[in-house]
Amino acid sequence: MTTRRRLSIFGVVLAAMVGLLCGSALGQEPAEPEVPADVRTALQDRNYDAAVRALDALIRAKKPGVDYWLYLKGLAQAYAKK
């Protein structure tokens, strides 16, 4: 591998790392909001009805990430075969 090629690969990796660091430093929201413990536990325990109720409460409260809550609700309903 030539020195020029190594430097170009290093430059790409460095640019990617700087981009990630700047994105988090600018306060950008993560791709998905953090799932509340009660929803996560209900889904992991396969208690899909409880997960749907908890997600409905989040949706009604208009918490940030409504699209994600609706997605999880759809998954829970599909797993519950409803």
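The values are calculated or read from the model by the stated rules, or taken from the named source; none is laboratory data. As the structure is a prediction and not an experimental result, all values here were calculated from the model. Here the Cβ is made from the backbone with ideal geometry for all residues, glycine too, and neighbour counts use every protein chain on show.
Taking the options VAL39, VAL18, name whichever one is modelled with pLDDT of 65 or more and of a type in the set (A, V, I, L, M, F, W, C).
Details: VAL18 fails: modelled with pLDDT of 65 or more.
The unique qualifying residue is VAL39.
Table: residues versus (1) modelled with pLDDT under 90; (2) touching a helix residue (DSSP H, G or I) at 6+ places or on another chain (Cβ under 7 Å); (3) of a type in the set (Ser, Thr, Tyr).
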| site | (1), (2), (3) |
| --- | --- |
| LEU43 | no, yes, no |
| ASN47 | no, no, no |
| ALA51 | no, yes, no |
| LEU55 | no, yes, no |
| PRO64 | yes, no, no |
| LEU70 | no, yes, no |
| LYS73 | no, yes, no |
